[in-house]
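A.B. asks: The structure follows.
The values are calculated or read from the model by the stated rules, or taken from the named source; none is laboratory data. Keep in mind that this is a model prediction, so the values were computed, not measured. All Cβ positions, even for glycine, are placed from backbone atoms using ideal geometry, and neighbour counts span all protein chains on display. Areas reflect the complete protein model, heavy atoms only, side chains present, ligands, DNA and RNA absent. Shrake-Rupley method; radii C 1.70, N 1.55, O 1.52, S 1.80 Å.
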Amino acid sequence: MKITVYGGVSCPQCKLTTDRLARKNIPFDYVDLDEDETAREAIIKEGFRTRPVVKVSDGETQDTFTGFRPDKLRALG
């Protein structure tokens, strides 16, 4: 499973999301949208306006959600 969190350092929901993943020892990649203009433009082009954007892929399917979602994070492990 591959998890990528797109967020920003001043985003409380981003911090909650990454802290929850780290506490559960779930590996994830983090992309700071304040630093990565290309990623920020791609996320906006996909229609997302709320941070974080979390993309979960198992190779066959992909789930994407925004905001701090304890229910979705709980399902990851």
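A.B. asks: Starting from the 7 Å offset along Cα-to-Cβ, what nm value, one decimal, do you get for the label separation of Thr61 and Asp34?
C.D. replies: 3.5
A.B. asks: Something else: Express the accessible area of the chain per residue in Å², computed with a 1.4 Å probe while the remaining protein chains stay in the model.
C.D. replies: In whole numbers, the chain has 64 Å² accessible per residue.
A.B. asks: Further question on the same structure: So what is the 222 nm mean residue ellipticity for the chain from helices alone, if each DSSP H run of at least 4 adds -39500 (n - 2.57) and you divide by all residues, rounding to the nearest 500 deg cm²/dmol?
C.D. replies: So the calculated ellipticity at 222 nm is -10000 deg cm²/dmol.
A.B. asks: Of the accessible area of segment 9-77, with the probe set at 1.4 angstrom, what percent is carbon plus sulfur?
C.D. replies: Answer for segment 9-77: carbon and sulfur cover 48 percent of the accessible area.
A.B. asks: Please give the net charge around Gln62, taking every other residue with its beta carbon less than 12 angstrom from that of Gln62, where Lys and Arg add +1 and Asp and Glu add -1.
C.D. replies: Every neighbour counted, the sum reads -2.
A.B. asks: Ignoring everything but the protein chains, give the 1.4 Å probe accessible area of Thr64 in square angstrom, nearest 10.
C.D. replies: 50
A.B. asks: Can you work out the base-10 log of I(q)/I(0) for the chain at q = 0.12, 0.22, 0.25 1/Å, using the Debye formula on its C-alpha atoms alone?
C.D. replies: -0.29, -1.01, -1.28
A.B. asks: Relative contact order (percent) for the chain, with alpha-carbon contacts under 8 angstrom and 6 or more residues of separation?
C.D. replies: This gives 40 percent for the chain.
A.B. asks: So if R0 is 25 Å, what FRET efficiency would Lys45 and Asp19 give, r being the distance between their Cβ atoms, rounded to the nearest 0.05?
C.D. replies: 0.35
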